[in-house]
Every structure is written in structure tokens, then in C-alpha cells.
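Participant: First the structure, which I've put down as C-alpha cells, then a few questions once you've had a look.
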Amino acid sequence: MRQETAFLFDLDGTLVDSVYQHVLAWKEALDAEGIELSVWRIHRKIGMSGGLFTNQLLRETDIEITPERSERLRARHAEAYGRLAHQIVPLPGAVALLAALDAIGLKWAIATSGRMETARYNLDKLGVDPGKVPVVTRDLVKYAKPDPDLFVAAAERLGVDPATCLVVGDSIWDMLAAQRCRALGVGLLCGGYGENELERAGAYRVYEDPADMLRHLDELGGRR
């Protein structure tokens, strides 16, 4: 019996053009704590779990990140991101891609390392109702990417085996998490990572953005 394909989408940099708003929000939060970190280094961390972000900060700055400071950083980032949220738009083809999957009758869900306090802005831009579409945020799992928990939870919400899913993301953290739950990874270039980076992390197909992926949906088994 042929198993249907299900799609598990990352959010920031995959469906919405929000990576650089996150970068600027983290820069503001770090500056407020007196932590100097170049913008490009922040960009490389977007999409990973908060714990891994903190560990990398410690390695790169030699500044102790206490639980209290970590919570202040999270709150400052969320507040700054909220002020930048009006700039966020869906990436080209994102809304059409999700509509096409609905029209075909294929299951899909969203799994993001962001907490709902920031993800809600992106979902609004996409017109996605978390009451109707499975949305798994950092608040709902023990570990975020590159651990597979988010994608495993999203697959469970759809009632499918993660191994039958395609994980669509823009970062190496998405691709690593996909491998760890035995899903196939599809990389998108619209979040800033390069094709070679995504492929080395496990992507078996790489497209420019959701519009490009939609044009090649048949290559991914995007049919019932």
C-alpha cells in the first residue's frame, strides 16, 4: 500500500520573510545586556534551540549566560520582534504552496523553534489558524532543533509516521533535525543558507523559495 506524503514546514525563512527581523531583534536584546556579537554570527544561529544558542554565546563571548539573563534575552527579543513584525511578509509562493497542498488533499503542519509569542505574527501573515492547522512551537516540546522533537510532534498531530514526511526548512538545523527523525529534508535558499550547506546537512532537494518548490512539487511526490 502506497503511503501518502505529508509536509512539515519550518516557519521563519521558509514560509515567511522574517529571518532578518529575528536577527535585528536578537542584536537589540544582546546589546541591552552588554553582549557584543556581530550580526552575521547571530544570523548563523537563527533556527536553533534556545539552549544551543546560549551555549554558542558562551563559547563565542566567554560571558556567563545565567538562567536569569537567558530569560531577559528571550523577553527583550520577543518585545523587539513585535515592534518589527509589521515588516514581515510571506515569502513568494508560500500561501499558494499551502493552498495547493490543501487542494491536492495532502497533510501539512508547521514546526518552529520560535515560541508562540513571536510565531503568532508570522501565522497571521500567512493566514494560518493554529486552531485548524497543526502548529508546534518551542513552547510545546522539550528540545528544539537540531533535535527532532518539533517535527516528531508535528507528525503525531497529523497522525503520520515522521519517516513518511518531507521536512521543508531553510537552515542546517532543520535538515539535521529531519535526519534525526528519518524524514526527507527539502532545503530552501530564502533564509540565507547556501545550497552546499543545506545539502551537507542532509537536504535531498534544494529550491530557491516556496514558489520554486511549488513549481517542482511533482518531484517530491506532491500528489495523492
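No lab work stands behind these numbers, since they all come straight from the coordinates. Quick caveat: nothing in here was measured; it's all calculated off a predicted structure. Glycine gets a Cβ as well: all are built from the backbone with ideal geometry, and neighbour counts include every protein chain shown.
Participant: Summarise the long-distance tail of P(r) for the chain by giving the % of C-alpha pairs beyond 27 Å.
Facilitator: 27
Participant: Let me have the relative contact order for the chain, percent, based on Cα pairs under 8 Å that are six or more residues apart.
Facilitator: 27
Participant: Relative to the longest principal axis of the chain, what angle (0 to 90°, nearest 10) does the C-alpha long axis of helix 19-32 take?
Facilitator: Long axis of 19-32 versus the principal axis of the chain: about 20 degrees.
Participant: Here is a further query. Using only Cα atoms and rounding to the nearest 10 degrees, what angle (0 to 90) does helix 67-84 make with the longest principal axis of the chain?
Facilitator: 60
Participant: Further, regarding this structure: Would you order Lys142, Lys45 from fewest to most other beta-carbon atoms within 10 Å of each residue's own beta-carbon?
Facilitator: Lowest to highest Cβ neighbour count: Lys142, Lys45.
Participant: Among DSSP bridges having both ends in the chain, what percentage is antiparallel? Round to the nearest 5.
Facilitator: About 5 percent, rounded to the nearest 5.
Participant: Put +1 on the Cβ of every Lys and Arg and -1 on every Asp and Glu Cβ in the stretch 1-78; which of Ser49, Ile35, Tyr20 then has its Cα farthest towards the positive end of the dipole?
Facilitator: Looking along the dipole axis, the top candidate is Ser49.
Participant: Under a 5 Å amide H to amide H cut-off, with H placed in plane at 1.01 Å, what residues pair with Phe9 once short-range neighbours are removed?
Facilitator: The answer is Ala109, Ile110, Ala111, Val168.
Participant: Taking the Cβ-Cβ separation of Glu219 and Lys142 as r and a Förster radius of 30 Å, what is the calculated FRET efficiency to the nearest 0.05?
Facilitator: E(calc), rounded to 0.05, equals 0.30.
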